[in-house]
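To keep things clear, I will list the structure first and then write my remarks on it.
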Amino acid sequence: MCGTIKLDPEFQERADVFVVQGDPTHHGTLERLNAPKAKAIILLADADMEAADEKNTLIALAVKHLEKIPGQEQDIHGVAELVNSDRQRHLKEAGVDEVISSQDYSSGILAQGALFRQMSEVYRQLLTYSDHTNEFYFYFIEPVY
């Protein structure tokens with residue numbers, strides 16, 4: 001992650017979460033972040049920019065370039081926040097694996113809340129990470145032949 005963000009104290013103490021101040025569109029910043037060794041990268045939309053999706057597209061292109069460094073080849077899973085739905089194709093073509101638009105989810109949650117009372121509370125519980133909320137767990141089991 002790059003930029004000025006406030007991390008939950010739980011994440012600040014983790015050895016596998018890195019925050020680097022700098023311009024993430026520059027390869028040098030990504031190299032300081034050790035991006036070529038990342039398993040995944042999250043691109044948050046810069047709320048202060050008019051062209052947040054375009055900036056994330058440029059960052060995604062830089063990350064995809066870094067993952068092809070000879071001897072350090074890696075498939076970095078990219079997840080990007082989308083502001084303008086017209087820009088989704090740009091992010092996908094830049095190599096982002098998952099594009100998330102909070103606007104899409106918020107309108108769906110509003111509609112579900114109107115149809116089913118307290119459904120928004122179910123979503124809140126599922127999407128909030130704390131000791132007092134519900135969680136999903138994914139188990140990957142390889143088939144035995």
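The values are calculated or read from the model by the stated rules, or taken from the named source; none is laboratory data. As the structure is a computational prediction, the values presented were derived from the model and not from experiment. Because the Cβ atoms are built from the backbone with ideal geometry, glycine has one as well, and the counts that use them run over all protein chains shown. Calculation scope for accessible area: heavy atoms of the full protein, side chains included, ligands and nucleic acids excluded. Shrake-Rupley method; radii C 1.70, N 1.55, O 1.52, S 1.80 Å.
Remarks
- Residue that is least open to solvent (accessible area, probe 1.4 Å) [pool: residues in the range 120-130 that are of a type in the set (S, T, N, Q) and part of a helix (DSSP H, G or I)]: Gln125
- Qualifying helices (runs of 4 or more DSSP H) (wholly inside the range 30-119; at least 1 residues being over 28 Å from Asp16 (Cα atoms) and at pLDDT below 85): 102-115
- Scoring Pro24 on the criteria (1) farther than 20 Å from Ser85 by Cα; (2) open to solvent by less than 40 Å² (accessible area, probe 1.4 Å); (3) modelled with pLDDT of 80 or more; (4) outside any loop (DSSP other than H, G, I, E, B) leaves a single failure, condition (4).
- Evaluation of Arg87 against (1) loosely packed, with under 14 Cβ neighbours inside 10 Å; (2) in contact with a helix residue (DSSP H, G or I) (Cβ under 9 Å, 6 or more places away or on another chain) (one fails), failing number: (1)
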